[in-house]
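So the structure is just underneath, and the comments pick up after that.
Values in this text are rule-based calculations from the coordinates and carry no lab data. Given the structure is predicted, the values throughout are model-derived calculations rather than measurements. Glycine gets a Cβ as well: all are built from the backbone with ideal geometry, and neighbour counts include every protein chain shown.
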Amino acid sequence: MQRLARNGGTAGLLRWLAGRADGWAGIAGSDGTVLSASGAAPSGPLTAPADVPDVPRLVAEGVRALTERGALAYSHDTGAHTVLLFPLPGPHDPHAEDRGAAPLLAVVTPRPVAAGLATLLADVLMPLSLCREAEAVERKRRRVDLAESRGREAVLHLLMTGQLSIAQQVAGALRPRLPDPVRVCVVECPGDSRDEVARVCAEADGGRSWIVRCPVYARHLILVMPAEDGRGDGPDGGPNGAPDGGTATDEAVAALVDRCVVGVSEQVPLADTATGYRQAFHALAVAREVPGRHVRFGAAPEPALVVGTAGRQWAEALLTPLLTHVPRRAQDPGSQELAATAASWLAFSSHATDHLKVHRNTLAARLRLIGELLGLDLHRLADQAALDLALRIRATPATVCTPEAGQHDGGAAPGHANGAAHDLDEVLRRPAVQEWALRQLAPVAGAAEETLRTWLRCEGRLGPTAAELGISVPGARKRLTRLETVLQRSLLRPPSARYDLWLALRARASAAAEATS
């Protein structure tokens, strides 16, 4: 009994009792309902040996008789079988007036009852009761853990969609306090070890980081860490340097957990958590290919930071139909929900259903509405890249953007009285954007650039890319994996850098076309 109680729990004890009784064993509620049984699968129907009669009816009748008589145990012979009932001891005195509410051990055994069976059943009551109590405590613990995990996931979702004040209000009920500024870390855990890695992360930094189980990727943990976690900003602890004091949490995790891969963002304000997550995800793609399994995101400006006032006004004009949308029915998504849906889908593709907790048909319907409102074909990479840039510009505070040449405090750009660009190409031809595009494409040339161009021309699909390059699909995947290492960006898994790369190529082509016209 003790061995089964430790290793098999309630189910193991019941199976063992059924074997000893050569019949059926189970737990019944005070109303006669069978709660668990020796022949029941964890989530399946109640079953019993073929020679045992209608067990639920026999148990229900026995429970009614025991309750009516106020007995401490009950035995009833019916045909070729005997029903034995014993109330399980609980936290209350078994002799108290409410003992009838306690669950009961029920056994149906062939007649005559085997010698010593009643004594055996009396002896098993205590370990069986303790097993049930321990399992109930474990279920409650799991519910609490799930509730906390969902709460942290909700805070992360609010941060990713730019709702900083609401995120801080919700986070006030949890620990620790949200840091600001932050570094975002994505940890890819081996196998099904995510809970164990989360414990290692919490111990490594003393509980200072927000640790969230990624709702999209089942093996990923997301850490929102204080930016001062053992890092500086110079050569010894700068963007490509080592920690300048102590051991950083992300590096400690990569060292402590075998086959764990870690990507880390640059230092970003808490309001830019979404940017930090994209950077960490890109660093993770590179970390898979290096021996240390740990990479920090290389310094590279966001395109939203260099578009200037003209770019911000272009983004506002593009998004206005979406941001001013008023739903016809109260239950339909409003403008903010649609904007969050677009951002999630652009970041996670079909995995946005897991991120947003919506059905795929709901996601498809929202995307159709967004495309209609904005006049975009969201099946085209060009329109996806334009919408992604516009949403990122909207999420970036104007105060941190690079000012345009000849402008002060958002003044008009040369050639336009109000500083607005008429289309995306005008935004991409601006000098700061051209410099950004040059940095994005600097690592690729020759065959690598041709692979990249072909992949983007084929809307980021592997099959058509392979066909156009005249190679196999695995061959195309290998080339793009090598490009991920060269570019230090994720290409094949969302969030992908394909939007930035499409914009960079378009910027270069637009500038070249203007120069030759």
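What does the helix-only formula give at 222 nm for the chain: each DSSP H stretch with n ≥ 4 adding -39500 (n - 2.57), the total divided by the residues, and the result rounded to the nearest 500 deg cm²/dmol? Dividing the helical sum by the residues of the chain leaves -15500 deg cm²/dmol. Among the trypsin sites (Lys or Arg not before Pro) in segment 269-325, none is located in a DSSP loop while being surrounded by at most 14 other Cβ atoms within 10 Å of its own Cβ. Projecting label points 7 angstrom from Cα along Cα→Cβ for E148 and S165 puts them 3.0 nm apart. Compared with the dominant Cα axis of the chain, that is its longest principal axis, helix 381-395 is turned about 90°. Site pair A448 and R64 shows an inter-label distance of 8.0 nm when each label is modelled 7 Å from Cα along Cα→Cβ. Relative to the dominant Cα principal axis of the chain, helix 431-441 is inclined by about 60°.
With the simple model of a label 7 Å out from the Cα in the direction of the Cβ, R457 to K478 spans 2.3 nm.
Extension gain, R368 to R175: 0.36 nm times the residue separation minus the Cα-Cα distance gives 65.6 nm.
Using only side-chain charges placed at the Cβ, +1 for Lys and Arg and -1 for Asp and Glu, the dipole size of the chain relative to its Cα centre rounds to 820 debye. The slack between A317 and T78, meaning 0.36 nm per residue of separation minus the straight C-alpha distance, is 77.9 nm. Against the chain, whose longest principal axis is taken from its Cα atoms, helix 55-69 shows a tilt of about 60°. Between the labelled values (1) 27.2, 88; (2) 31.5, 104; (3) 21.9, 65, the entry that holds Rg and Dmax of the Cα atoms in Å as derived from this structure is (2).
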